[in-house]
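Derivation of every value follows stated rules applied to the coordinates shown; laboratory data play no part. The structure presented is a predicted model; accordingly, all values stated were derived computationally and were not measured.
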Amino acid sequence: MILTEIPTDPRRAGLWSLHPILKAEPTAKGFPYTEGIAAADIDGDGRMDLLAGNGWLKHRGKSEFSFTAIGERGGRIAAEMAKWRERKTEPDHPDATAWILYDDGQGHFRPRIFSRGIDFHEARVADLDGDGDLDILDKPYNWEAPRVEVWINEGR
C-alpha cells in the first residue's frame with residue numbers, strides 16, 4: 001500500500017511523491033486477499049489512521065504508520081458480502097457476517113458479531129441522525145438490490 005498527498009495543482013505537479021506504508025508478503029498460496037480501506041481516527045489522537053486488509057495502521061506522523069493485526073491474514077474491512085456472482089439468484093455466502101471491533105486503546109481489539117445474513121458492500125460509519133454517536137449505512141453488492149440499510153446506534 002502506498003500513500004501520496006494530492007498536490008495543489010495535480011495536473012501540473014509532475015511526479016507525485018510516493019510513501020510505502022504497508023507491504024503484502026506472499027505465502028505459498030500467493031499474496032493474501034485484502035479488500036477495502038477506511039480512514040478514521042481509531043484511537044482518538046487527532047490523526048487519521050487507516051484500516052486495511054487485516055489491520056490497523058496507526059498514523060505516527062507525516063507518512064509514518066505502524067501496523068497492528070486485528071484479524072486473520074488477508075481480510076476485508078467492515079463486513080462480508082452475501083452474494084457476489086451476478087448470474088446467481090441465491091447468495092453465495094448466506095451466513096455473511098459483519099463485526100464491530102472494540103478497541104481498548106492499547107491496540108487490542110475485541111470482536112463482536114453485528115449481523116449475519118446481510119449483504120454488506122462499501123458500508124460507511126457516520127452520525128446519521130445527528131445525536132453525536134456513530135451509525136452505520138450499508139448497501140448490498142447485488143443481492144436484493146437496490147436498497148440501503150441504516151443501522152441507528154441507540155446507545156444500549
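Would you check the chain for Lys pairs whose C-alpha atoms are within less than 29 Å, ignoring same-chain pairs closer than 8 in sequence, and give me the count?
8
Based on Cα coordinates alone, diagonalise the gyration tensor for the chain, multiply each eigenvalue by 5, take square roots, and list the semi-axes in whole Å, largest first. Could you put the intermediate results ahead of the total?
Details: eigenvalues 156, 90, 67 Å².
Square roots of five times the eigenvalues give 28, 21, 18 Å.
Grab the Cα-Cα distance for D127 and A38, subtract it from 0.36 nm times how many residues apart they are, and report the gain in nm with one decimal. Working shown, then result.
On the way: separation 89, 0.36 × 89 = 32.04 nm, distance 1.59 nm.
Full extension of this stretch gives 30.4 nm more.
Most mobile of G130, G61, G14 per a Gaussian network model of the chain (Cα springs, under 10 Å)?
G14
Could you tell me which of rounded, prolate or oblate describes the stretch 90-156, using a ≥ b ≥ c as the square roots of the eigenvalues of the alpha-carbon gyration tensor, with rounded for a/c under 1.5 and, failing that, prolate when a/b is larger than b/c and oblate otherwise? Let's see the in-between values first.
Working: a/c = 2.59, a/b = 1.36, b/c = 1.90.
Judged from the Cα gyration tensor, the stretch 90-156 comes out oblate (a/c at least 1.5, b/c at or above a/b).
On a full-extension model of 0.36 nm per residue, what is the gain between N142 and K88, subtracting their alpha-carbon distance, rounded to one decimal in nm? Working shown, then result.
Numbers: separation 54, 0.36 × 54 = 19.44 nm, distance 0.99 nm.
Additional length available on full extension: 18.4 nm.
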